[in-house]
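Note sheet for the following structure.
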Amino acid sequence: TKFLAVHPLPAPATVEEATPLSKKAKANATVDAYWVRSWRQLNKESKIVKILCEWNAVNMEAVRKVIARVPEMPLEGIYPMIVVDPEDFR
């Protein structure tokens, strides 16, 4: 099952400033919940204002437990999701 975790940053951050959060999330992944990829929403100054993370997990609680190990990573919410590929509609 796939989940989307949404992380609005309290202040815009550079890639360098956000990298430790990503490394910590990756280091805390488990067999029940692991981070697949992320998208970073940028402002006009190319600083990150929001991070959207795709997770594969057995359930939402497994994702929540991993994210809880990174308390400095703000969390708006975790949402069930599916990935849709445009090629599926050819």
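Multiplying the residue separation of residue 1 and residue 46 by 0.36 nm and subtracting their alpha-carbon distance yields 13.0 nm. Considering only alpha-carbon pairs that sit under 8 angstrom and 6 or more positions apart, the relative contact order computed for the chain is 44 percent.
With 0.36 nm allotted per residue and the present C-alpha distance subtracted, the residue 16-residue 85 stretch has 21.8 nm of extension available. Ordered from longest to shortest, the equivalent ellipsoid semi-axes for the chain are 22, 19, 11 Å, each the square root of 5 times a Cα gyration tensor eigenvalue. With protein chains left intact and a 1.4 Å probe, residues in the stretch 40-90 average 68 Å² of accessible area per residue. Leaving ligands, DNA and RNA out of it, report the carbon-plus-sulfur percent of the accessible area of the stretch 42-88 at a 1.4 Å probe. Solvent-exposed carbon and sulfur of the stretch 42-88 make up 56 percent of the total. With 24 Å as the limit on Cα-Cα distance, the pairs of 23/65; 26/65; 26/50; 44/65 that go past it are 44/65. Seen from residue 21, the other residues with C-beta closer than 13 Å to its C-beta sum to a net charge of +3, counting Lys and Arg as +1 and Asp and Glu as -1.
The values are calculated or read from the model by the stated rules, or taken from the named source; none is laboratory data. Being a predicted model, the structure only gives us computed values, none of them experimental. Don't worry about glycine lacking a Cβ; one is built from the backbone with ideal geometry, like all the others, and counts go over all protein chains shown. Just the protein is used for accessible areas: all its heavy atoms, side chains included, with ligands, DNA and RNA removed. Shrake-Rupley method; radii C 1.70, N 1.55, O 1.52, S 1.80 Å.
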